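Contents: one structure, followed by commentary.
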Amino acid sequence: MAHPLTDPYGFAPLDPRSAPAPEYGSGALCDVIPAALASFAVPGMPATGLELAPADRVCVFLVDGLGWELILRHPDEAPYLTSLLSTSRGGTGRPLTAGFPATTATSLASVGTGLPPGGHGLAGYTTLNPDTGQLMNQLRWQPWVAPDVWQPHPTVFQLAEAAGIATCQVSSPTFVNTPLTKVALSGGTFHGRLTGEERMDLAADRLAAADRSLVYTYYSELDSMGHRHGVDSDAWRGQLTMVDRLARRLAEQLPPRSALYVTADHGMIDVAFDEESRIDFDEDWELRAGVAVLGGEGRARHVYAVPGAAGDVLAVWSEVLGERMWVAGREEAVAAGWFGPRPEPRVLGRIGDVVAAARDDLAIVAYRTEPGESKMIGLHGSLTPVEQLVPLLEVRS
Ligand SMILES: [Zn+2]
């Protein structure tokens, strides 16, 4: 089928409809907690088609940056996680899709609300706030907006707590009371612990402290090492070994009738430092034409056009990048299901007039305006399997 932009000289941009959209509602990160608590029939819990065996005590261990394909590539560093990967090895592991964009703020909100990004509204690393016209960083929550206005839905933790399930989060003390914690993890008690070992031990304790419990715990350092040193660096491998030990440590302490799910917010890909691989938006007059604000991150861009220029921006981005990225207008990206089945009206204006998701090993960086992010070796955000697929590894007691 010919794409409308195909020209007679053989230029054929990727069709956004051919991109692998996340499996919201059946096999995505937002489905994990609704599925794990399904047997409790918690009032208000989002519906899901994902089926998980019932357990009285549910623990979710979210490892930042632990992509499914990255585990497959490193059996020596992750022997325990590898043993959980496939039924042939006695495990029950399977991949889930993280959601789009495959980025921490978006994914944490998906886990914590049970909703796709088009529902909770954290639609990227940075997105436009249509009320102010400013770019809003969802991870750092800058500039500040009222959290409960930006994300008005109850969290799965609040719903579980209201249903009488003992609920808590065990994470870094840094995250207590942050706006992101508020919108994604409110409900129950937040316990800050500095080390991974302390978090695993406390998670197991809290899980055992009630007949019905829900415990969420989190570890961030694998992602940090990937950004700084790349996903095959010694530092990253060392962190993977650490994560493997932490998962085993938690699994070995599970009280009876528990299910532990090890999962992640996204995978990661290394992007080379050359002009073909890193296109500098700040210096690219073609890509900048008609663009008011550039949002998102290197591999998943929200592009906001000046009034009247959306069509031109889409045409130019498609022509320049369309063979290496899925470039879609807002309506196309929404229709393709990238943000979920039916994004809420309040979320639509946060999505770029043009959305560009990298298929190949490249990134649209911005060395002047995003110096920190543009220097990162490992990146994530897009719809490719290495970024999008995250593990759902299960341990039962
Ligand atoms: Zn990251």
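The values are calculated or read from the model by the stated rules, or taken from the named source; none is laboratory data. Just so it is clear, the structure is predicted and the values come from calculations on it, not from any experiment. Please note: Cβ atoms are built from the backbone with ideal geometry, for glycine as well, and neighbour counts cover all protein chains shown. Note: areas computed on protein heavy atoms with side chains; ligands, DNA, RNA excluded. Shrake-Rupley method; radii C 1.70, N 1.55, O 1.52, S 1.80 Å.
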Item checked: Residue count for segment 265-303, restricted to those that are open to solvent by less than 10 Å² (accessible area, probe 1.4 Å) and not basic (Lys, Arg) -> 11
Check: Would you pick out the residues in segment 24-74 that are open to solvent by 40 Å² or more (accessible area, probe 1.4 Å), within 29 Å of residue 227 (Cβ to Cβ) and part of a helix (DSSP H, G or I)?
Finding: 69, 72
Notebook entry, point to check: For segment 294-397, list the helices (runs of 4 or more DSSP H) that sit wholly inside it and hold at least 2 residues that are within 16 Å of the ligand (Cβ to nearest atom) and under 21 Å from residue 24 (Cα atoms); which are they?
Noted result: 385-388
Note to self: For segment 1-23, which positions are open to solvent by less than 20 Å² (accessible area, probe 1.4 Å) and either more than 30 Å from residue 58 (Cβ to Cβ) or at pLDDT below 90 (or both)?
What the structure shows: 13, 16, 19
Item checked: Sole residue being in contact (Cβ under 8 Å) with a residue 60 or more places away in the chain, surrounded by 16 or more Cβ atoms within 10 Å (Cβ to Cβ), more than 16 Å from the ligand (Cβ to nearest atom) and under 23 Å from the mean Cα position of the chain (by Cα), chosen from 170, 262, 231, 243 -> 262
Notebook entry, point to check: Within the group 17, 57, which residue is of a type outside the set (A, V, I, L, M) and outside the structural domain of residue 109 (by TED's automatic domain parsing)?
Noted result: 17
Margin query: Restricting to segment 201-228, name every residue that is closer than 30 Å to residue 379 by Cα and either small (Gly, Ala, Ser) or within 16 Å of the ligand (Cβ to nearest atom) (or both).
Written below: 203, 218, 219, 220, 221, 222, 223, 224, 225, 226, 227, 228
Next item on the list: Given the conditions (1) under 23 Å from residue 95 (Cβ atoms); (2) outside the structural domain of residue 250 (by TED's automatic domain parsing), report the number of the one that residue 390 does not fulfil.
Entry: (2)
Checklist line | Within segment 75-84, considering residues that are open to solvent by less than 50 Å² (accessible area, probe 1.4 Å), touching a helix residue (DSSP H, G or I) at 6+ places or on another chain (Cβ under 7 Å) and in contact (Cβ under 8 Å) with a residue 40 or more places away in the chain, the one farthest from residue 216 (Cα to Cα) | finding: 77
Next item on the list: List the number of the failed condition for residue 91; all other conditions in (1) modelled with pLDDT of 95 or more; (2) open to solvent by less than 10 Å² (accessible area, probe 1.4 Å); (3) not aromatic (Phe, Trp, Tyr) hold.
Entry: (1)
Margin query: Go through (1) within 16 Å of the ligand (Cβ to nearest atom); (2) crowded, with 18+ Cβ neighbours inside 10 Å for residue 119 and report which single condition fails.
Written below: (1)
Notebook entry, point to check: Out of segment 122-164, which residues are buried (at least 17 other Cβ atoms within 10 Å of the Cβ) and hydroxyl-bearing (Ser, Thr, Tyr)?
Noted result: 125, 126, 127, 155
Checklist line | Out of 99, 114, sole residue that is in contact with a Cys (Cβ under 9 Å, 6 or more places away or on another chain), within 22 Å of residue 219 (Cα to Cα), in the same structural domain as residue 215 (by TED's automatic domain parsing) and away from the ligand (no atom under 15 Å from the Cβ) | finding: 114
Next item on the list: Check residue 158 against each of (1) polar (S, T, N, Q); (2) under 21 Å from residue 381 (Cα atoms); (3) assigned to a helix (DSSP H, G or I) and name the one condition it does not meet.
Entry: (2)
